[in-house]
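Undergrad: I am attaching a structure below and will ask some questions about it afterwards.
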Amino acid sequence: MTALFVQIRCKPGTTYRVAREIALREIHSELYSTSGEYDLLLKLYPPEDADIGEYINDNLLDIEGIERSLTTLTFKAF
């Protein structure tokens, strides 16, 4: 399985609400609150046959309060 990392910027005042909604969906492996340009860091393992853009769009980006995201695909663990 290949891990994806998604950084999420939330609208002001919505970070904890967004994090709770992500947790309820049970799509993540790990979820962290972060400092800097983004508010949350999500690690997930999408299904092997998933279209990554569609998977992120359908399972994550419809959450109210998400303003922007940055997805990083991984290729090989060392």
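The values are calculated or read from the model by the stated rules, or taken from the named source; none is laboratory data. For clarity, every value in this text was computed on a predicted model and none was experimentally measured. When we count neighbours, we look across all protein chains shown, and the Cβ atoms used for this are built from the backbone with ideal geometry, even at glycine.
Undergrad: Residues of the range 37-50 being surrounded by fewer than 11 Cβ atoms within 10 Å (Cβ to Cβ) and farther than 15 Å from Glu26 by Cβ, which ones?
TA: Glu37, Glu48, Asp49
Undergrad: Pull up the range 1-28, narrow it to residues that are small (Gly, Ala, Ser) and exposed (fewer than 12 other Cβ atoms within 10 Å of the Cβ), then point me to the one that is nearest to Glu67 (Cα to Cα).
TA: Of everything passing the filter in the range 1-28, Gly13 is nearest to Glu67 (Cα to Cα).
Undergrad: Please verify whether the range 32-44 includes one or more residues that are free of Cβ contacts under 8 Å to residues at least 24 places away in the same chain and not in a loop (DSSP other than H, G, I, E, B).
TA: Yes; the residues of the range 32-44 include at least one that is free of Cβ contacts under 8 Å to residues at least 24 places away in the same chain and not in a loop (DSSP other than H, G, I, E, B).
Undergrad: Among the residues of the range 68-78, is there at least one that is assigned to a loop (DSSP other than H, G, I, E, B), in contact with a strand residue (DSSP E or B) (Cβ under 9 Å, 6 or more places away or on another chain) and modelled with pLDDT of 95 or more?
TA: Within the range 68-78, none of the residues are assigned to a loop (DSSP other than H, G, I, E, B), in contact with a strand residue (DSSP E or B) (Cβ under 9 Å, 6 or more places away or on another chain) and modelled with pLDDT of 95 or more.
Undergrad: For the range 1-56, which residues satisfy the criterion of being β-branched (Val, Ile, Thr) and more than 26 Å from Ala77 (Cα to Cα)?
TA: Listed by number, the residues that qualify are Thr14, Thr15, Val18.
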